[in-house]
Amino acid sequence: MKQEDKRTTQLTIPLGLTYEPQHKDIIKQHWNVTFARQGRMSVAAKRIMARVIDQIRDDDFKLRPYYQFRIADIITEASITKETAYKEVQGALNELTDAKWEFESIDGSEWYVRHLLDTTKDKAVGYKDGVITVLLNPQLEPYFIQIAHYTKYQLNNYMSLKSWYSMRFFEILSAFRDTGIWCPTVEQYRQLMDCWYEKDKRGKVKKDKDGTPRMKYPLTKDLIARTITEPLEELAGTNLAFSYEPVYETERMTRGRKKITGFRFTLQRKQDGKIPEYWLQNTAVSRVIAGLRTWKVTDRNIALYLEDIGTEAANRLVYSWQLKENSEERINDRVKYCNAVFVRMGKAAQERLKQEVENALDHPVV
């Protein structure tokens, strides 16, 4: 009996920190995760997921058996305090273990429901002595490891947001940084913001007494007030500050106001050719910038294309130039050659990202 009690204790109480987590400042998230139907959850739960994803490296070939980090990593610049931390984390982990999202398959041929976390292993999802332990569902590995189609977003501003809707806007708008415009239909918007038809535990659409499907915020004016107003304010101080305008139906057979059929969200950040100050404050990013400057890549081109190319690819590019320097293919005109290669690489990355966004929106999860 004592052995059974000991085994049960091991399943429910996670160990302390077993490795030193290395966090990134930029998160890569698969398109199918960004555009999945995600049920609304607490801000603490979203921050926990962000701190898990930011530990996944581009050269990882499989998920870690479990991910750990300190609670300080989610309460910094946030509404969670040390006094309420235990209760907040306990509630957030319960949300995450129950959470199921609807994903489109990698090849786009089908969709399915997956739990986010794995609660079947001896190492438990939990919280102990200021350390949070999370096990990702291994069936979701294709969405987190060696991903080719992704959106990127800065973690610093994301972690300071206090609204789930603001976090969703931050993730989605990050996919439209190159065009600066996101134009979803009302139906697409509702699905991405968990304001679509309400369902019971079996996944069946709920109906009112008249047999009409129940929808969250059925009036468009309420949808706008409850889901757009707060993100407008919260993202105002970030590089994803935006404005919006409703899109109305073009034709109407009857009298009355035209129906809102969609929204147009426009990013306010102007590409002024200046390197953002927070890039220079980041040790890893500033090192990459210094390397590019050595090869005479202009600040304007760095500001326009580095985020899309990525710091790792930029480092590999600089390394290839260094190899040329010690060969018969030495670069004679760094300004002309290196800028041309960097810009061509940046534009290709932006075009690829644009096509991937369009493909994701053409095949929404319903």
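Quick notes on this one:
- Restricting attention to region 76-119, the residues that are modelled with pLDDT under 85, acidic (Asp, Glu) and assigned to a loop (DSSP other than H, G, I, E, B) total 4.
- Region 1-35, residues that are modelled with pLDDT under 75 and hydrophobic (A, V, I, L, M, F, W, C): Met1, Leu11, Ile13, Leu15, Ile26, Ile27, Trp31
- Residues that are free of Cβ contacts under 8 Å to residues at least 12 places away in the same chain, assigned to a loop (DSSP other than H, G, I, E, B) and either out of contact with any strand residue (DSSP E or B) (no Cβ under 7 Å at 6 or more places or on another chain) or closer than 18 Å to Ser160 by Cβ (or both) within region 204-252 comprise Lys204, Asp208, Lys209, Asp210, Gly211, Thr212, Pro218, Leu219, Thr250, Glu251, Arg252, listed in sequence order.
- Criterion violated by Thr179 - all others in (1) more than 29 Å from Gly346 (Cβ to Cβ); (2) in contact (Cβ under 8 Å) with a residue 24 or more places away in the chain satisfied: (1)
- Evaluation of Arg226 against (1) open to solvent by less than 50 Å² (accessible area, probe 1.4 Å); (2) of a type in the set (D, E, K, R); (3) in contact with a Phe, Trp or Tyr (Cβ under 6 Å, 6 or more places away or on another chain) (one fails), failing number: (1)
- Looking across Arg255, Arg300, Arg287, one residue alone is in a helix (DSSP H, G or I), free of Cβ contacts under 8 Å to residues at least 24 places away in the same chain and open to solvent by 80 Å² or more (accessible area, probe 1.4 Å). It is Arg287.
- When Val335, Val365, Val357, Val341 are checked against the criterion of being among the aliphatic types (A, V, I, L, M), modelled with pLDDT of 90 or more and surrounded by 13 or more Cβ atoms within 10 Å (Cβ to Cβ), Val341 stands alone in meeting it.
The values are calculated or read from the model by the stated rules, or taken from the named source; none is laboratory data. Quantities reported herein were computed from a predicted structural model and do not represent experimental measurements. Cβ atoms come from the backbone with ideal geometry, glycine included; neighbour counts cover every protein chain shown. For the accessible areas, the whole protein counts, side chains as well, though only heavy atoms, and no ligand, DNA or RNA atoms are used. Shrake-Rupley method; radii C 1.70, N 1.55, O 1.52, S 1.80 Å.
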